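A.B. asks: The structure's right below; bear with me while I get my questions together.
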Amino acid sequence: MLVNGKWMEKWQPVQASDDEGRFIRQDSGFRHRIGAHSPDGFTPEAGRYVLYVAYICPWACRTLIALRLKGLEDAIAIRVADPRLTDQGWAFTGELDTDLDDINGARHMHELYTRADPSYTGRATVPVLWDRSCRTIVNNESADILQILDGDFGTLARNPIALRPAAYVDAIETANARLYADFNNGVYQAGFATTQSAYDEAVERVFDCLAWLDGRLADARWLVGDRLTETDIRAFVTLIRFDLAYHGLFKCNLRPLSAYANVMAYLRRLLAIPAFAGSVRPDHIKTGYYSIRALNPNAIVPAGPLLDYL
């Protein structure tokens with residue numbers, strides 16, 4: 001964690017807890033937009049921006065999926081951090097088919113944060129949308145970056161798909177709120193709970209949400225409306241990590257994902273889309289999650305599970 005621009009302690013997975021032992025997630029510190037939405041001079045230009053991601057991270061991978069769905073690969077560079085969480089957080093090693101940071105020469109993600117704000121206090125997370133011209137972070141909130149990629153780059157996007165179609169915005173926001181609270185963040189609240197009651201509460205919400213998803217998909221191809229939206233991206237990144245990490249390491253093991261037939265059919269449909277399949281590196285997911293020493297002190301990565309959909 002950074003305190004006034006200084007790295008102060010070894011990386012820890014639990015950002016904060018309430019009095020009942022519930023995991024509390026840190027708010028993002030950079031929340032700028034691009035183009036017409038930006039009062040800060042960030043304009044949509046090809047080659048100006050870099051998206052820093054890690055394939056272990058669901059929040060980062062949802063921005064990666066959006067970038068590829070929109071056809072922005074030629075306009076925005078991508079740099080991939082090592083999935084293994086070090087004592088200084090995310091690192092750029094060039095190992096495991098990842099990147100060195102040839103943009104800024106950083107060895108760790110937290111160095112980008114202090115270049116953007118020398119007195120930054122907080123965690124250095126991914127994703128990060130970086131501006132090469134201003135040498136600063138535009139945004140480090142994945143929900144914002146989804147909207148930036150969907151709307152702020154205009155004609156630079158090759159594909160006309162709209163991830164937040166105007167007719168569905170209210171329904172998207174309602175579904176997103178449930179997904180985030182009970183599923184996307186719920187698995188972390190189960191995995192990082194520090195009391196039995198906090199874990200019990202979280203894991204119940206996770207599986208209630210899976211049942212809700214399964215019911216919603218019984219007679220629908222997508223989660224909102226008649227087309228793929230950002231809600232499907234948000235659901236996918238947690239679903240694809242469920243068997244690989246959350247079921248075992250995070251103790252979300254009340255039922256296997258295969259117990260939800262409609263969810264499984266939906267997951268396979270999404271995996272048939274190249275932008276979704278290309279965001280999945282099972283080796284990074286397993287290596288990264290099982291490198292969390294607070295949950296797996298010996299850093300032993302399990303051999304399984306063997307999954308027929310991957």
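The values are calculated or read from the model by the stated rules, or taken from the named source; none is laboratory data. Keep in mind that what you see is a predicted model, and the values were worked out from it rather than measured. Quick reminder, even Gly has a Cβ in these numbers, built from the backbone with ideal geometry, and neighbours come from all protein chains shown. For accessibility, only protein heavy atoms count, side chains too; no ligands or nucleic acids. Shrake-Rupley method; radii C 1.70, N 1.55, O 1.52, S 1.80 Å.
A.B. asks: Restricting to bridges with both residues inside the chain, how much of the DSSP beta-bridge set is antiparallel, in percent to the nearest 5?
C.D. replies: Roughly 75 percent of the DSSP beta bridges within the chain come out antiparallel.
A.B. asks: Loop only by DSSP, 14 or fewer other Cβ within 10 Å of the Cβ. Give me the trypsin sites (Lys or Arg not before Pro) in the stretch 80-171 that pass, ordered by residue number.
C.D. replies: R107, R132, R135, R158
A.B. asks: Please give the Cα centre distance for the stretch 118-141 versus the stretch 231-261, rounded to the nearest Å.
C.D. replies: Answer, in whole Å: 29.
A.B. asks: Another question about this same structure. What distance in nm lies between label points placed 7 Å from Cα along the C-beta direction at R135 and R221?
C.D. replies: Modelled inter-label distance: 4.9 nm.
A.B. asks: So, one more: Within the stretch 101-140, find all residues whose amide N lies under 17 Å from a label point positioned 7 Å from the Cα of H37 along Cα-to-beta-carbon.
C.D. replies: Counting backbone N atoms under 17 Å from the label point, the list is 127-131, 137-140.
A.B. asks: I'd like the carbon and sulfur percentage of the solvent accessible area for the stretch 88-142, probe radius 1.4 Å, heavy atoms only, ligands and nucleic acids excluded.
C.D. replies: Answer for the stretch 88-142: carbon and sulfur cover 43 percent of the accessible area.
A.B. asks: If you don't mind, another one. Once fully extended, how much extra length lies between A166 and A46, figured as 0.36 nm per residue of separation less the alpha-carbon to alpha-carbon distance?
C.D. replies: 40.6 nm
A.B. asks: Turning to a different aspect of this structure: Considering only protein heavy atoms and a probe of 1.4 Å, how much of the accessible area of the stretch 174-235 is carbon and sulfur, as a whole percent?
C.D. replies: Of the solvent-accessible surface of the stretch 174-235, carbon and sulfur hold 48 percent.
A.B. asks: Over the stretch 200-310, give the accessible area per residue in Å² for a 1.4 Å probe, as an integer.
C.D. replies: Result: 42 Å² of accessible area for each residue.
A.B. asks: Which residue, S38, S142, S291, has the most motion in a Gaussian network model of the chain that connects Cα atoms within less than 10 Å?
C.D. replies: Of the options given, S38 has the highest mean-square fluctuation.
A.B. asks: A follow-up question, please. Label points 7 Å out from Cα along the Cβ direction at D74 and E173: separation in nm?
C.D. replies: Once both label points are built, they end up 3.6 nm from each other.
A.B. asks: Which one is right for this structure if Cα extents along the principal axes in Å is calculated from it: (i) 100, 34, 30; (ii) 49, 45, 37; (iii) 69, 49, 35?
C.D. replies: The calculated read-out lines up with (ii).
A.B. asks: Measure off 7 Å from each Cα along the Cα-to-Cβ vector at N104 and T86, then give the distance between these two points in nanometres to one decimal.
C.D. replies: Result for the modelled spin labels: 1.5 nm.
A.B. asks: Which aspartates and glutamates have a Cα lying under 13 Å from the Cα of K10, excluding residues fewer than 8 positions away in the same chain?
C.D. replies: D87
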